[in-house]
1. Given (1) surrounded by fewer than 16 Cβ atoms within 10 Å (Cβ to Cβ); (2) assigned to a helix (DSSP H, G or I), identify the lone condition not met by SER88.
2. Quick one: which residue in LYS134, LYS110 is outside any strand (DSSP E or B) and at pLDDT below 95?
3. Which condition breaks for SER79 when tested against (1) part of a helix (DSSP H, G or I); (2) more than 19 Å from LYS44 (Cβ to Cβ)?
4. Return the pairs, sorted by first residue and then second, in which the second residue is of a type outside the set (A, V, I, L, M) and surrounded by 15 or more Cβ atoms within 10 Å (Cβ to Cβ), the first residue lies in the range 31-42 and is part of a loop (DSSP other than H, G, I, E, B) and modelled with pLDDT under 80, the beta carbons are less than 8 Å apart, and the residues are 6+ apart or on different chains.
5. Given the options SER117, SER154, SER98, SER88, name the one that is among the polar types (S, T, N, Q), within 23 Å of SER64 (Cα to Cα) and touching a Ser or Thr at 6+ places or on another chain (Cβ under 7 Å).
6. Restricting the search to the range 50-83, which residues are modelled with pLDDT of 90 or more and hydrophobic (A, V, I, L, M, F, W, C)?
7. Would you check which residues across the range 109-142 are touching a residue at least 12 places away in the same chain (Cβ under 8 Å) and of a type in the set (Val, Ile, Thr) and list them?
Amino acid sequence: MIIKKLVFILTLLAVTNCGYEPIYSKKETLNISINKIELIGDKKINRSIVSFANLRETKNVNYSYDLNLNSSKKIEVVSKNSAGNVTSFKITIIVKFSLKDPNDQGAVIKSKNFRTSFIYNNKKNKFDLLQYEKIVEKNLVEKIAEEITIYINS
């Protein structure tokens, strides 16, 4: 019993003193400056991505880029029961990301499509279903925003 406590304490001390730090403990700041942000498609998704990824327009910078986000959301039926009632849905969020150089006639510097989806079961109470869809959408948008931040900084 004493040996277990001693091993636990030594392990705890080793982990806390080794400089261990969670990967996403700090919001990463962008290594670039953005002149203009153009949002096309689903406004709610676009605004959430801009907010979660800390994308901000910076004025009075000599060299900056134009950012374009084109997002869409699709909810489709995945399965039905024998009576023809929907039993599960699939929500898919697609974001087309491009970073352009305004000084070079809008030449594309970086471009990538981000796609994420989630399958969930239908609920009898439609209000609960809508609330659950909002939570799922928020989680998917956060995931895409995180991927965009990593992509920009790479």
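The values are calculated or read from the model by the stated rules, or taken from the named source; none is laboratory data. Bear in mind the structure is a predicted one, so any value in this text is a computation, not a measurement. Note: ideal-geometry Cβ built from the backbone for every residue, glycine included; neighbour counts use all protein chains shown.
1. Just one mismatch for SER88, condition (2).
2. On the way: LYS110 fails: outside any strand (DSSP E or B).
The unique qualifying residue is LYS134.
3. (1)
4. ILE32/SER64; ILE32/TYR65; SER33/SER64; SER33/TYR65
5. On the way: SER117 fails: within 23 Å of SER64 (Cα to Cα); SER154 fails: touching a Ser or Thr at 6+ places or on another chain (Cβ under 7 Å); SER88 fails: within 23 Å of SER64 (Cα to Cα).
Checking each option against the conditions leaves just SER98.
6. Of everything in the range 50-83, those that are modelled with pLDDT of 90 or more and hydrophobic (A, V, I, L, M, F, W, C) turn out to be LEU69, ILE75, VAL77, VAL78, ALA83.
7. Within the range 109-142, ILE109, THR116, ILE119, VAL136, VAL141 qualify.
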